[in-house]
1. In the range 44-84, how many are more than 27 Å from the chain's Cα centre (by Cα) and not basic (Lys, Arg)?
2. Give the residue that is farthest from LEU263 (Cα to Cα), with candidates limited to residues of the range 162-191 that are over 22 Å from the mean Cα position of the chain (by Cα) and surrounded by fewer than 12 Cβ atoms within 10 Å (Cβ to Cβ).
3. If you take the residues in the range 165-216 that are among the aromatic types (Phe, Trp, Tyr) and in contact with an Asp or Glu (Cβ under 8 Å, 6 or more places away or on another chain), which one is modelled with the highest pLDDT?
4. Residues being under 29 Å from LEU35 (Cα atoms) and assigned to a helix (DSSP H, G or I): count how many of those fall in the range 135-163.
5. Is it true that some residue in the range 232-245 is in the same structural domain as LYS166 (by TED's automatic domain parsing), basic (Lys, Arg) and modelled with pLDDT of 95 or more?
6. Please enumerate the residues belonging to the range 109-129 that are of a type in the set (Lys, Arg) and over 21 Å from the mean Cα position of the chain (by Cα).
7. Output the residue which, of all residues in the range 223-249 that are free of Cβ contacts under 8 Å to residues at least 12 places away in the same chain and under 23 Å from LEU35 (Cβ atoms), is surrounded by the most Cβ atoms within 10 Å (Cβ to Cβ).
8. Take the residues of the range 94-112 that are modelled with pLDDT under 95 and in a loop (DSSP other than H, G, I, E, B): which is farthest from ASN47 (Cα to Cα)?
Amino acid sequence: MASLAPTGSAHKERLLVYRHSVMVRVLHWINALVLLVMLMSGLQIFNAHPALYLGKTADFDHPVLSMSAWREPDGSLKGVTQVGPYQFNTTGMLGVSSFYGQMVVRGFPSWATIPGFKSLALGRLWHFFFAWLFVINGLLFASYAISSGHIRELLPTGHDIRNIGKDFVDHLRLRFPKGKEALHYNVLQKLAYFTVIFILGPLIVLTGLTMSPTVDTAVPQLLWLFGGRQTARTIHFICAFSFVGFFVVHIVMLVLSAPINGLRSMITGRFAIESDDD
């Protein structure tokens, strides 16, 4: 550990600790870029048919989610998002949104898709190319985590599970670990990271493959496993927005706890903690 200058106390100084290896940092930033492109290109693909179904075939009369446009009596467009039996006016965001100053019919708005204009072909090209990068990056991380022992840092211990209630309350009160405790993942972080890396990651890849007729021909068990191509598409969509939810919480926690310190640790690998010499 490399120490920094004392911070005003005779007994406390800030220590700069090497927290994240080069491999973890590189794979982290690659994954962030890949997931962003995959999400935006995936929304472009979704816009070609902005509705989700359960089952082996599309039941057009009973979508679990849909984004559509209605023509109002005055001739204007109204965006309507339906979730099960419930309908919501989402004009300007979902169903109907602005494109170069004009209201147009589209599931997700242009700023949320790659490319911004309607192009299923280009959306698929972007999505499939970055999907392979996602798989390769994920395999590299899993291999590194297992071979280096990093995976042990992501597995909750019995002590972690027994203290999950306390950790949850501490987070609600914005009480974050200090000193050497900050160098280790708490139980909520472990559960979140493990779920995203080893459950959501493989699940989104498998459901993506299930939507491919070529893959289904070679591995028909995938259709059975996920209950049909339409159900796989719905699960794929849920997984994608689970990643979004994780990202939002991840950023919020970073900002509330130690934004500069946390960001520096993921760029340089160095994390500053307070040390008590008593």
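1. Counting residues in the range 44-84 that are more than 27 Å from the chain's Cα centre (by Cα) and not basic (Lys, Arg) gives 13.
2. ARG162
3. TYR185
4. The number of residues fulfilling the criteria is 18.
5. yes
6. Matches in the range 109-129: LYS118 only.
7. ILE238
8. Selected residue: GLY101.
The values are calculated or read from the model by the stated rules, or taken from the named source; none is laboratory data. Everything quoted here is computed from the prediction, not taken from an experiment. Backbone-built Cβ (ideal geometry, glycine too); neighbour counts: all protein chains shown.
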